[in-house]
1. For the pair Met82 and Met259, what calculated FRET efficiency results from E = 1/(1 + (r/R0)^6), where r is the Cβ-Cβ distance and R0 = 35 Å, to the nearest 0.05?
2. Along Cα→Cβ, 7 Å out, is where each label goes; now give me the distance between the ones at Glu127 and Ser112 in nm to one decimal.
3. Quote the relative contact order of the chain in percent (integer), defining contacts as alpha-carbon pairs under 8 Å separated by 6+ residues.
4. Please give the calculated 222 nm ellipticity per residue for the chain, where each DSSP H segment of at least 4 residues contributes -39500 (n - 2.57) and the sum is spread over every residue; nearest 500 deg cm²/dmol?
5. Arg62 versus Asn12, label points 7 Å from Cα toward the beta carbon: distance in nm?
6. Magnitude of the Cβ-charge dipole of the chain, K/R +1 and D/E -1, about the Cα centre, nearest 20 debye?
7. Using alpha-carbon positions, what is the distance between the centroids of segment 27-61 and segment 226-240, in Å?
8. Could you check the spin-label model distance between Ile237 and Arg252? Points 7 Å from the Cα along Cα→Cβ, value in nm.
Amino acid sequence: MNRFAQLVRIGNCAMGVAGLLIGAFVAVGVSITGYWLELLVASGIVFTFIAAGNSLNDYTDREVDRRAHPERPIPSGKLSEMAVLRISSILFTVSLGLSLLLDFLSILIVASAIAVMLLYELRLKREGLSGNLSIAWLTGALFLLGGAVVDGIEMTLAIAAMAFFATLGREIVKDIEDMESDFDRNTLPKRVGRRKAGLAGSAAFVVAVGMSFQPVLMGFFGLGYLPIVLVADGIFIYCSIVHFRNPRNGQRWAKIGMMVALIAFLVGGIQ
């Protein structure tokens, strides 16, 4: 693999752009075609932002990667530490610069996302719950940006909130699964124990379920959305229980639940 493609993780960047477009579609439905220029700029923002974050991650985790992922660009010698840091800085600057072509709300979302990403990589990811909250917020902000770009952010509040709490639950469960290997992180399970952390993760999944009814209650989506999102809700409730026995299954099913929820929101956006 090309060393630069390996550094920025192009697949992750493409998935981020897909999330942005889903948020925009949820907001305005088929009218999304009228915002092609704004969405092109926003796609560039998301792509460069995620690429910058992945590059910074490789820089901050370079010592851990020497043992756990020696094939990564820095430990393998494909790129120097300073080169990776410069690449990350340039990409963050491009992402912020592109946001200046959009409206003030979009600029605010992008600027705050960059600030949270920097805080996460430089400090918060080793401090447990604050790191989990950072990742959850960044996931939700992706859908908010999609809504803001097409002047329909109010339509994406529910999907952003659902994504936030579902991601928070999954991140906590993942920390429970990785308790033994997270030697350099003071995660929530390490602070309060497996059971209490598990209860926090379950609570996050349950709140995500509650958020799923908001589009129907507010009259944004028709009843066609409801059967599909109820399947996602059932999966999240299952996650809130099964992870106590098997954290790996819990976070795996959380991913499936999030994908089903995205389908439900897409159907809701069509109606």
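Taken together, the values in this text are just the output of simple stated rules run on the coordinates, not laboratory data. Because the structure is a prediction, the values reported are computed rather than measured. Cβ coordinates were reconstructed from backbone atoms using ideal geometry, including for glycine residues, and neighbour counts include every protein chain displayed.
1. 0.35
2. Here the answer is 1.8 nm between the modelled labels.
3. After rounding, I find 20 percent.
4. Values: 13 runs with 206 residues, N = 271.
Value at 222 nm, helices only, nearest 500: -25000 deg cm²/dmol.
5. Spacing of the two 7 Å Cα→Cβ label points: 1.7 nm.
6. Working: 23 positive and 20 negative charges, 173 e Å.
Dipole magnitude for the chain comes out near 820 debye.
7. Answer, in whole Å: 28.
8. 2.3 nm
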